[in-house]
1. Starting from the 7 Å offset along Cα-to-Cβ, what nm value, one decimal, do you get for the label separation of I104 and V153?
2. Set the Förster distance to 25 Å, then compute FRET efficiency between V20 and L96 from the Cβ-Cβ distance, nearest 0.05.
3. Report the gain in length on full extension from A115 to R8: 0.36 nm times residue separation, minus Cα-Cα distance, nm rounded to one decimal.
4. Over 10 Å intervals from 0, what percent of Cα-Cα pairs in the stretch 15-64 sits in each interval?
5. Taking every pair of Cα atoms in the stretch 72-174, average 1/r, invert it to obtain the Kirkwood radius, and report Rg/Rh to two decimals.
6. Specify the inter-centroid distance of the stretch 1-34 and the stretch 93-158, based on alpha-carbon positions, in whole Å.
7. At most 12 other Cβ atoms within 10 Å and a DSSP loop assignment: could you name the trypsin sites (Lys or Arg not before Pro) in the stretch 1-88 that fit?
8. Which whole-number percent is the relative contact order of the chain (Cα, under 8 Å, 6+ apart)?
Amino acid sequence: MTLSSVLRKVVLTTHIATSVGWLGAVAAYLALDITATASQDVQTVRAAYLAMGATVTYVIVPVAIASTFIGVLNALGTRWGLFRHYWVLVKLLLTLVATTILLIETSTVRSLARAAAAGTDPRELPGTLPHSIGGSLVLVIILILSVYKPRGVTTYGWRRHQEQGRQQRPTQVP
């Protein structure tokens, strides 16, 4: 499946927007997580946990899911393909792992926000800083792969390239 030029640009633009939104939302979440971990002011920590809950629920999860689906559509509709190049395959796997961990951790973040809202001393709540840092690093690696596109064709990609080469060669008439 190859997308028309106009549709390909729309899909690519949407993928870039959702991917950048995901990275930006995680950066904002990381700032809130650092605040919740480092601050000693009860109200500041409480506000950070409440904002973390809202950010995960209403921003990070929707843009992560949108970026994942649109990225797959983008790969399937372009010459890169989904399984032809190692860098696309690694991006897909990292994205799926990051999205899965995000969905699992979302319930933890919501629980922390509820506990902070319920009057518990929020300074005693465990933070999610290791996940925030790890998620940020994974998204930066995905970004780097998108920009540098390291060489390397999968076995499937090599076979497809060979098949296309055979189909494009003119047949010789004896």
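The values are calculated or read from the model by the stated rules, or taken from the named source; none is laboratory data. Note that the structure is a prediction, hence the values are computed from the model and not measured. Note: ideal-geometry Cβ built from the backbone for every residue, glycine included; neighbour counts use all protein chains shown. Only protein heavy atoms, including side chains, enter the accessible area calculation; ligands, DNA and RNA are left aside. Shrake-Rupley method; radii C 1.70, N 1.55, O 1.52, S 1.80 Å.
1. Each label point lies 7 Å from its Cα, and together they span 3.6 nm.
2. Working: r = 19 Å, r/R0 = 0.76.
In this case the efficiency is close to 0.85.
3. So the chain would gain 34.0 nm between A115 and R8.
4. Values per bin, smallest distances first: 29, 47, 20, 4.
5. Numbers: Rg = 22.2 Å, Rh = 17.2 Å.
Ratio value, two decimals: 1.29.
6. If you average the Cα positions of each part, the centres end up 15 Å apart.
7. Sites meeting the loop and neighbour criteria: R79.
8. Working: 170 pairs, mean separation 54.3, N = 174.
Relative contact order here is 31 percent.
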